[in-house]
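What follows draws every value from the coordinates through simple rules; no lab data is involved. Keep in mind that this is a model prediction, so the values were computed, not measured. Glycine also receives a Cβ, built like all others from the backbone with ideal geometry; neighbour counts cover every protein chain displayed.
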Amino acid sequence: MSEALPPGEPSKTSRRTDPGEELQKRGVYRGIEGLRSVVRLQSPGVTGLESVVPGEVVETPCGTCFLLETRYPLEYAHGNTHLSTLSPQECPSPRLARLAGDQRLSALDFRSAIFFDIETTGLGIGAGLVAFLVGFGTFEGNDFCLRQYFMRDYSEEPAMLYLLSRQMQDLRWWVSFNGRNFDLPVLQARFICGRQEMPLVEAPHLDLLYPARRLWRKRLRSCRLSSLESSILGLSRESDVPGWLIPDLYFDYLRYGQAEPLRQVFLHNALDILSLVTLAAKTDHMLHDPFGEAAEHAVDLYSLGRICESWRQLDRAQCAYEQALQGRLPPTLQEEALYRLSMLYKRSGQIERSVPIWQDLRQRNTVNAFVELAKYFEHRQRDYVTAARLVGEALAFHDLPRGGQRSAPALKARLARLRRKLGEGGLPMPRIESYSFGSITVDGKTHTADLIILPGGVRLGWWRKEGHRLHKEDLHEAVEAAPSVLVIGTGNVGSMEVPQETLDYLAAHDIRAVVERTAAACQRYNELAETEPAAAALHLTC
């Protein structure tokens with residue numbers, strides 16, 4: 001029989017313990033409740049949030065929340081741009097809406113937009129991630145009003161969500177930077193966890209990250225907001241708190257009541273939102289008037305050309321490339337702009353403007369130019385010899401793509417077609433102009449690596465299964481070209497061995513073999529090439 005309990009004492013099975021009391025007995029507190037008095041005894045310098053940030057505590061049906069409201073006149077300069085540059089009465093340009101991927105934006109003015117940014121307890125997305133500071137910026141009258149909602153403890157989240165929901169009721173769409181993938185999903189998750197319905201879930205969203213990448217990624221190393229601020233907006237943040245440190249500062253506030261560092265967190269959030277306004281203005285103006293003063297750099301004009309070309313606005317793309325080429329483009333982008341411009345000329349029937357560009361790009365060893373010139377000489381000039389020589393030069397490139405008109409199989413097929421058009425022995429024969437140890441000049445071009453010379457052009461980068469022994473597998477391309485004779489250069493002193501099985505392999509394909517040291521092989525090749533389709537496989541060094 002169990003022992004009787006004193007009168008009024010609950011049984012062990014029915015006893016209920018308050019978890020909060022048990023935690024406090026062990027010295028564990030929720031948030032900052034019950035902690036400040038203890039911490040202040042150890043840290044006299046700790047101050048309340050209200051003495052650091054000039055905000056106020058707002059009462060709601062869901063509890064309290066801290067709110068800081070700041071109003072900026074539209075004449076306020078953020079970096080090199082005034083807030084008034086983005087007219088609240090105007091709508092985003094159709095081009096900006098298209099670049100953002102939501103055409104609904106072009107029917108909404110900026111007065112109905114929420115410029116927003118959040119600060120969170122981490123970087124992932126999930127139920128455990130909390131947005132402890134949410135900034136909403138809106139145009140109100142002649143001001144840009146920034147409201148920053150802050151929860152001083154996790155228990156204030158319902159009140160913060162309540163206030164956010166109320167402000168969303170009067171607005172229609174979002175403006176953010178990477179908010180589509182991070183900020184908005186985090187907010188949605190917090191509303192779901194709080195069992196509240198979030199307004200504007202399906203509202204249009206202008207995420208400026210994507211237009212910024214399309215416009216400036218060719219010029220800037222990074223399209224992070226901080227990079228855009230310094231390079232595009234003319235803003236330098238001095239003594240700004242780094243984003244990765246912000247969660248730790250909030251946790252220090254919750255654990256120890258350290259409010260002073262939060263001053264920089266509020267400022268960081270405010271600067272992010274002000275940058276959204278000026279970045280939206282810069283982006284919108286650049287797309288609205290792409291050939292005016294908004295495009296300040298030749299690389300930006302090139303990017304505009306790419307955008308217009310992708311939208312099939314070919315006249316605008318042509319104009320953008322032409323203006324970009326009048327400025328200072330990096331060499332790689334200059335070649336890309338020239339080629340794209342030449343193709344636009346070709347599409348519009350201005351082939352006579354394309355050819356000089358291709359000739360220029362050919363001198364820069366741009367493989368696209370060789371292919372386009374080959375097509376031009378084959379189909380328009382009926383000059384099959386020149387076309388074949390250009391195809392042969394294109395085949396000499398090491399980094400040909402695997403597919404498309406510039407791939408090695410496509411070029412070989414083009415060369416075979418030209419051979420049929422020219423008739424037997426009609427392909428142009430390259431001529432060796434000089435040879436010395438490790439160097440050879442063919443048709444005016446000097447090469448310093450082993451090569452194969454075929455009817456129609458040179459194949460660079462020839463290397464063998466064994467460096468100084470010639471296997472039949474090393475001659476596949478030469479056999480495929482079906483010359484009548486193959487001259488093999490064994491090196492300056494004849495170090496490359498040619499086994500009998502390799503000679504038998506050539507004979508089986510009706511190809512005569514002439515084996516000489518490379519100096520003599522070069523001379524012999526030139527002699528044979530004058531009367532028959534000859535090829536040469538030349539080892540240039542030892």
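What is the order of ARG402, ARG104, fewest Cβ neighbours within 10 Å to most?
The order, fewest Cβ neighbours first, is ARG402, ARG104.
Work out the length of the dipole vector of the range 407-542 about its Cα centre, built from +1 on the beta-carbon of each Lys and Arg and -1 on the beta-carbon of each Asp and Glu, and round it to the nearest 20 debye.
It comes to approximately 520 debye.
Could the peptides 414-421, 372-379, 500-507, 299-306 be put in order, highest first, of the mean number of other beta-carbon atoms found within 10 Å of their residues?
Averaged packing, sorted descending, gives the order 299-306, 372-379, 414-421, 500-507.
Suppose we keep just the DSSP beta bridges with both residues in the range 75-200; what percent of those would be antiparallel, to 5?
In the range 75-200, DSSP labels about 85 percent of beta bridges as antiparallel.
What does the helix-only formula give at 222 nm for the chain: each DSSP H stretch with n ≥ 4 adding -39500 (n - 2.57), the total divided by the residues, and the result rounded to the nearest 500 deg cm²/dmol?
Mean residue ellipticity at 222 nm (helix-derived): -12500 deg cm²/dmol.
Taking the number of other C-beta atoms within 10 Å as the exposure measure, put TRP462, TRP358 in order starting with the fewest.
Lowest to highest Cβ neighbour count: TRP462, TRP358.
Around TRP244, under 14 Å between beta carbons, what's the net of Lys plus Arg minus Asp minus Glu among the other residues?
-2
Based on Cβ point charges of +1 for Lys and Arg and -1 for Asp and Glu, what charge dipole magnitude is obtained for the range 293-351 about its Cα centre, in debye rounded to the nearest 20?
Taking the Cα centre of the range 293-351 as origin, the dipole is about 280 debye.
Could you tell me which residue out of MET343, GLN313, PHE291 lies farthest along the dipole of the chain toward its positive end? Charges go on the beta carbon: Lys and Arg +1, Asp and Glu -1, centred on the Cα centre.
MET343
Enter the angle in degrees (range 0 to 90, nearest 10) between the Cα long axis of helix 518-529 and the first principal axis of the Cα atoms of the chain, meaning the one along which they spread out most.
70
Helix 314-326 versus the longest principal axis of the chain: what is the Cα-based angle in degrees, 0 to 90, to the nearest 10?
Between the helix axis and the principal axis of the chain, the angle is about 80 degrees.
Could you work out the local net charge near GLU56, counting Lys and Arg as +1, Asp and Glu as -1, over the other residues with Cβ closer than 11 Å to its Cβ?
Summing Lys and Arg as +1 and Asp and Glu as -1 gives -3.
What is the set of long-range amide H partners of VAL487 at a cut-off below 5 Å, with H atoms built 1.01 Å from backbone N?
Under 5 Å from the amide H of VAL487: VAL514, ALA535, ALA536, ALA537.
Along the charge dipole of the chain, which of THR441, ALA513, LEU475 sits closest to the positive end, that is, farthest toward it, with unit charges on the beta carbon of Lys, Arg, Asp and Glu (+1, +1, -1, -1)?
ALA513
Under 16 Å between alpha carbons: how many lysine pairs meet that in the chain, if sequence neighbours fewer than 8 apart on the same chain are excluded?
Lysine pair count for the chain: 4.
Show me the ranking of peptides 223-230, 87-94 by mean Cβ neighbours inside 10 Å, starting with the highest.
223-230, 87-94
For the range 439-542, what is the percent of antiparallel DSSP beta bridges, rounded to the nearest 5?
50
Among (i) 36.5, 125; (ii) 22.9, 77; (iii) 32.6, 114, which one is Rg and Dmax of the Cα atoms in Å computed from these coordinates?
Entry (i).
Convert each backbone phi in the range 530-540 into a coupling constant with the Karplus relation 6.51 cos²θ - 1.76 cosθ + 1.60 (shift: θ = phi - 60°), then list the ³J(HN,Hα) values in order as whole Hz, x for Gly and Pro.
Working through the residues one at a time gives 6, 10, 7, x, 9, 9, 9, 10, 10, 8, 8 Hz.
What list do you get for ASP443, ASP117, ASP399, ASP240 if you sort them by fewest beta carbons within 10 Å?
In increasing order of surrounding Cβ atoms, one gets ASP399, ASP240, ASP443, ASP117.
Could you give the dipole magnitude of the range 365-428 about its Cα centre, charging the beta-carbon of Lys and Arg +1 and that of Asp and Glu -1, in debye to the nearest 20?
Rounded to the nearest 20 debye, it is 260 debye.
Could I have the simple spin-label model distance between TYR210 and ILE192, label points 7 Å from Cα toward Cβ, reported in nm to one decimal?
Going by the 7 Å Cα→Cβ label model, 2.1 nm.
Name the residue farthest towards the positive end of the dipole of the range 140-233 from the options GLY141, TRP216, GLY194, assuming +1 on Cβ of Lys and Arg, -1 on Cβ of Asp and Glu, about the Cα centre.
Farthest along the dipole direction, towards plus: TRP216.
Among DSSP beta bridges lying fully in the chain, give the percent that are antiparallel, nearest 5.
About 70 percent, rounded to the nearest 5.
So how tilted is helix 157-168 from the main axis of the chain? Cα-based, degrees 0 to 90, rounded to 10.
70
Just report the Cα centroid separation between the range 352-411 and the range 269-323, whole Å.
33
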